[in-house]
Structures are given as structure tokens and as C-alpha cells.
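A.B. asks: Quick one: structure below, then a few questions.
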Amino acid sequence: MEAPLLFLLTVLTGLGEGQQVMMWVKPGEDVSLACLLPANCSRSTLSWYQRKEQHVAMVLSFTQTSPPRVTYGRGFGPDRFTLDPHQRHHLLLLHSKPSDAGVYFCAITTSS
């Protein structure tokens, strides 16, 4: 039996403060990570990042335009990383692997 994977979700506020949520999952399980959004983010870009040791990589970026646009970072793709179609701020990681373990965090950029 494979050891469970640890996912650490860091949720940051606009002040740089945050809270952390630890999730243990078995390899192969799907993982849903939620980003807390401010109420007025209708014209914004939501980006998800993964941190391992000292390396930070963009997983994906979702821009709320018409039509919405999703951009993937190098090494990430829609086959395993996607957004929940009902709650666009939730990152869905499909069929987790040991290499997916790490710290995930989201960032929101608003535009006028």
C-alpha cells in the first residue's frame, strides 16, 4: 500500500496573512482545493501555484472574461489540473501522484 500524499493549501488574504489547510489523500484520488475569493472579483484573474521546496510554479491561470480563458503553466495541463465547472475558484487535481504533493496557493489579480 502506498503512503498517503500531503497537500498543504495556503489561503492568503490581501494583507499577506493566511491560513493553512492540510489534506492527506491516497495516490490516485482526486483533490479539490478552494480559494477564498473577495465578493467583488467579477473582473479578475485567479492563478493557482504549486510550491515544492524553494521552487514555485504556476499551475493555471483563469481570467473571467467572455468567454473565460484558462492558461496552463509548463508541465501542467487539463488532463489532470482543472477548475470545478460549478465553482471556478476550486482547483481540481485528478488522479493524484506522489509528485503532486506540495504547497498550493492561489492569488487574485483584479482589473477595472
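The values are calculated or read from the model by the stated rules, or taken from the named source; none is laboratory data. Not measured: the values here are computed from a predicted model. In this analysis, Cβ positions are derived from the backbone assuming ideal geometry, glycine residues included, and neighbour counts consider all displayed protein chains.
A.B. asks: Check LEU37 against each of (1) touching a His at 6+ places or on another chain (Cβ under 8 Å); (2) at pLDDT 80 or above and name the one condition it does not meet.
C.D. replies: The number of the failed condition is (2).
A.B. asks: TYR104: modelled with pLDDT of 80 or more and more than 10 Å from the chain's Cα centre (by Cα), yes or no?
C.D. replies: Numbers: modelled with pLDDT of 80 or more: yes; more than 10 Å from the chain's Cα centre (by Cα): no.
Considered against the rule, which asks whether it is modelled with pLDDT of 80 or more and more than 10 Å from the chain's Cα centre (by Cα), TYR104 comes out as no.
A.B. asks: I'd like to check something: does the stretch 55-65 contain any residue that is of a type outside the set (A, V, I, L, M, F, W, C), at pLDDT 75 or above and surrounded by fewer than 15 Cβ atoms within 10 Å (Cβ to Cβ)?
C.D. replies: If we filter the stretch 55-65 for residues that are of a type outside the set (A, V, I, L, M, F, W, C), which is where we start, we get 55, 61, 63-65.
Those left that are additionally at pLDDT 75 or above: 55, 61.
Pick out the ones that are also surrounded by fewer than 15 Cβ atoms within 10 Å (Cβ to Cβ) and you get 55.
Yes, because at least one residue in the stretch 55-65 is of a type outside the set (A, V, I, L, M, F, W, C), at pLDDT 75 or above and surrounded by fewer than 15 Cβ atoms within 10 Å (Cβ to Cβ).
A.B. asks: While we're on this one: Quick one: what pairs do we get from the stretch 27-49, first residue at positive phi, second at pLDDT 85 or above and surrounded by 11 or more Cβ atoms within 10 Å (Cβ to Cβ), C-beta under 6 Å, 6+ apart or different chains?
C.D. replies: These pairs meet every condition: GLY28/HIS95.
A.B. asks: Being in contact with a Phe, Trp or Tyr (Cβ under 9 Å, 6 or more places away or on another chain) and β-branched (Val, Ile, Thr) narrows it down to one of THR63, THR109, THR71, THR82, so name that one. Let's see the steps before the verdict.
C.D. replies: Numbers: THR63 fails: in contact with a Phe, Trp or Tyr (Cβ under 9 Å, 6 or more places away or on another chain); THR109 fails: in contact with a Phe, Trp or Tyr (Cβ under 9 Å, 6 or more places away or on another chain); THR82 fails: in contact with a Phe, Trp or Tyr (Cβ under 9 Å, 6 or more places away or on another chain).
Selected residue: THR71, the only one of THR63, THR109, THR71, THR82 that is in contact with a Phe, Trp or Tyr (Cβ under 9 Å, 6 or more places away or on another chain) and β-branched (Val, Ile, Thr).
A.B. asks: OK, next. How many residues are surrounded by fewer than 15 Cβ atoms within 10 Å (Cβ to Cβ) and either at pLDDT below 60 or closer than 17 Å to PHE81 by Cβ (or both) if we restrict to the stretch 24-34? Even if it seems obvious, please write down each step before you answer.
C.D. replies: Residues of the stretch 24-34 that are surrounded by fewer than 15 Cβ atoms within 10 Å (Cβ to Cβ), as a first pass: 24, 26, 28-30, 32, 34.
Adding the requirement that they be either at pLDDT below 60 or closer than 17 Å to PHE81 by Cβ (or both) leaves 28-30, 32, 34.
Matching residues across the stretch 24-34 total 5.
A.B. asks: Give just the number: which of (1) at pLDDT 70 or above; (2) in a loop (DSSP other than H, G, I, E, B); (3) polar (S, T, N, Q) does SER47 not satisfy?
C.D. replies: For SER47, the failing item is (2).
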